[in-house]
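S.K.: Mind having a look at this structure? Questions to follow.
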Amino acid sequence: RAKAQGRARYEIFNAQMHTQAMKRLHLENDLRKALERQEFLVYYQPIIMLNNGQLVGFEALIRWQHPTRGLVAPGEFLTVAEETGLIVSIDSWMLHTACQQLAAWQRAFSNTALKISVNLSARDFLGIHLLDEVEQALVKAGLNSSCLTLEITESMLLDNVEDTIKLVASLRERGVQISIDDFGTGYSSLSYLHRLPIDFLKIDHSFVSNMQVSDKNYKIVSTIVTLSNQLGLEVIAEGIETLQQIEQLQRLGCKFGQGYFLSRPLPPQAAEALLMRNTFL
Ligand code: C2E
Ligand code: MG
Ligand code: MG
Ligand code: MG
């Protein structure tokens with residue numbers, strides 16, 4: 001009996017593993033075709049100046065319009081995209097598309113100060129192409145490099161600190177700005193922070209989202225704002241969901257913010273409607 005049960009369990013386990021493997025294989029196949037089939041979309045989330053509610057720019061966030069699954073969020077495919085290396089082509093497409101869109105908006109709204117932030121993955125830093133990609137995207141779009149911010153995470157530094165620092169430095173020499181995304185969630189932040197030539201810290205949404213009820217989170221946010229000021233960096237709060245959080249962040253002197261309370265990430269046409277309004281709060 002024990003043996004039969006064992007075998008049954010083994011078979012269930014096997015079947016589950018098989019389903020998982022098939023799912024993953026399908027995802028990988030679909031992902032390979034997604035670029036040429038033009039299934040990716042860019043959504044734009046407004047970044048706002050918290051003291052006056054003015055729109056300063058957008059963060060570009062990828063979405064996948066899957067033929068049968070509908071709109072798929074990046075959390076569901078980025079890991080596979082990274083493991084297969086497809087992320088490099090995806091991010092290159094993203095960089096080009098977001099720069100083109102920003103340039104078009106700058107012209108349409110006579111607003112050359114409008115900015116765009118694009119997320120990078122650790123894989124983008126392994127190749128030699130990143131600097132060329134960025135250069136090409138800027139030139140093709142006719143965009144001033146100071147309008148582009150690249151978002152990196154602390155974890156990208158783990159593999160190869162020296163090379164990453166060098167690459168970040170050359171991107172910045174090209175005039176592009178650099179953000180540390182999800183700040184406070186990685187390791188060793190402080191040990192390299194002073195060596196990295198960066199412009200912005202983005203406070204992770206996990207600290208912001210309940211800072212009004214958690215004294216600990218409030219203190220963490222407050223400390224990151226102070227740290228940014230001390231280091232001469234600008235600070236952006238992510239994941240603002242309530243007016244109370246905005247008021248707290250304003251009091252703490254946090255300059256920029258983004259979050260559902262201000263606006264969800266939007267498809268281009270809806271983002272354009274916000275550009276006409278230009279001001280929040
Ligand atoms: P992220 O760069 O930290 O982006 C912020 C995420 O928080 C976005 O999720 C955004 O939709 C979400 N968010 C914005 N406001 C709020 C809020 O008020 N509350 C909450 N709970 N969430 C909020 P999204 O779009 O699903 O993207 C997830 C992550 O995927 C991003 O985190 C980024 O790391 C990555 N990602 C997105 N687009 C790209 C891309 O083009 N390339 C790469 N390499 N990574 C990307
Ligand atoms: Mg980001
Ligand atoms: Mg990120
Ligand atoms: Mg983040």
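The values are calculated or read from the model by the stated rules, or taken from the named source; none is laboratory data. These numbers come from a predicted model, not from an experiment. Cβ: placed from backbone, ideal geometry, glycine included. Neighbour counts: every protein chain shown. Please note that ligands, DNA and RNA were not included when accessible areas were found on the heavy atoms of the full protein model with its side chains. Shrake-Rupley method; radii C 1.70, N 1.55, O 1.52, S 1.80 Å.
S.K.: Quick check: from the Cα gyration tensor, does region 14-65 come out rounded (a/c under 1.5), prolate or oblate? The partial results should precede the final answer.
M.R.: Numbers: a/c = 7.79, a/b = 2.50, b/c = 3.12.
Oblate, because a/c is 1.5 or more while a/b does not exceed b/c.
S.K.: I'd like the distance between the alpha-carbon centres of region 258-281 and region 160-179, rounded to an integer number of Å.
M.R.: When both Cα centres are located, 30 Å separates them.
S.K.: Assuming 0.36 nm per residue, please report the length gained on full extension of the stretch Thr226 to Arg32 beyond their Cα-Cα distance.
M.R.: Extending this stretch completely gives an extra 65.4 nm.
S.K.: Moving on to the next point. In whole percent, what relative contact order does the chain give with Cα contacts below 8 Å and a gap of six or more residues? Present the calculation step by step, with values, prior to reporting the outcome.
M.R.: Values: 418 pairs, mean separation 54.3, N = 281.
Value for the chain: 19 percent.
S.K.: Roll a 1.4 angstrom probe over the protein heavy atoms and tell me the percent of accessible area of the chain that is carbon or sulfur.
M.R.: 52 percent
S.K.: Under the classification rounded if a/c is under 1.5, otherwise prolate if a/b is larger than b/c and oblate if not, where does region 145-281 fall, given a ≥ b ≥ c as square roots of the Cα gyration tensor eigenvalues?
M.R.: Cα axes put region 145-281 in the oblate bin.
S.K.: Can you list which of the GluC sites (Glu not before Pro) found in region 1-94 are DSSP loop residues with at most 16 other C-beta atoms within 10 Å?
M.R.: Within region 1-94, the qualifying GluC sites (Glu not before Pro) (loop, at most 16 other Cβ atoms within 10 Å) are Glu36, Glu39.
S.K.: Also, I was wondering about something else. If I take the Cα coordinates of the chain and project them onto the principal axes, what are the three extents in Å, biggest first?
M.R.: 71, 47, 41
S.K.: Now for a different question. In Å², what does the accessible area per residue of the chain work out to with a 1.4 Å probe?
M.R.: 52 Å²
S.K.: Given the rule -39500 (n - 2.57) for each run of at least 4 DSSP H residues, summed and divided by the residues of the chain, what is its mean residue ellipticity at 222 nm, to the nearest 500 deg cm²/dmol?
M.R.: My calculation for the chain gives -15500 deg cm²/dmol from helical runs alone.
S.K.: Shape verdict for region 70-210, please, from the Cα gyration tensor: rounded (a/c under 1.5), prolate (a/b greater than b/c) or oblate.
M.R.: Cα axes put region 70-210 in the rounded bin.
S.K.: How many lysine pairs in the chain, separated by 8 or more positions in sequence or lying on different chains, have Cα atoms less than 24 Å apart?
M.R.: The result is 10.
S.K.: When only DSSP loop residues count, what trypsin sites (Lys or Arg not before Pro) in region 1-67 have their Cβ near at most 14 other Cβ atoms within 10 Å?
M.R.: When the trypsin sites (Lys or Arg not before Pro) of region 1-67 are filtered for loop state and at most 14 Cβ neighbours within 10 Å, Arg1, Arg37 remain.
S.K.: Further question on the same structure: Most fluctuating residue of Thr84, Thr164, Thr19 in a GNM of the chain with Cα springs under 10 Å: which is it?
M.R.: Thr19
S.K.: In a GNM of the chain with a 10 Å cut-off on Cα contacts, which of Met94, Met22, Met156 has the highest mean-square fluctuation?
M.R.: Residue with maximal mean-square fluctuation among Met94, Met22, Met156: Met22.
S.K.: Between the alpha-carbon centers of region 17-50 and region 184-224, tell me the distance in whole angstrom.
M.R.: Answer, in whole Å: 28.
S.K.: Still on this structure: Work out the FRET efficiency for Glu133 and Leu281 from their Cβ-Cβ distance, taking R0 = 35 Å, and round it to the nearest 0.05. Working shown, then result.
M.R.: Numbers: r = 36 Å, r/R0 = 1.02.
Computed FRET efficiency for Glu133 and Leu281: 0.45.
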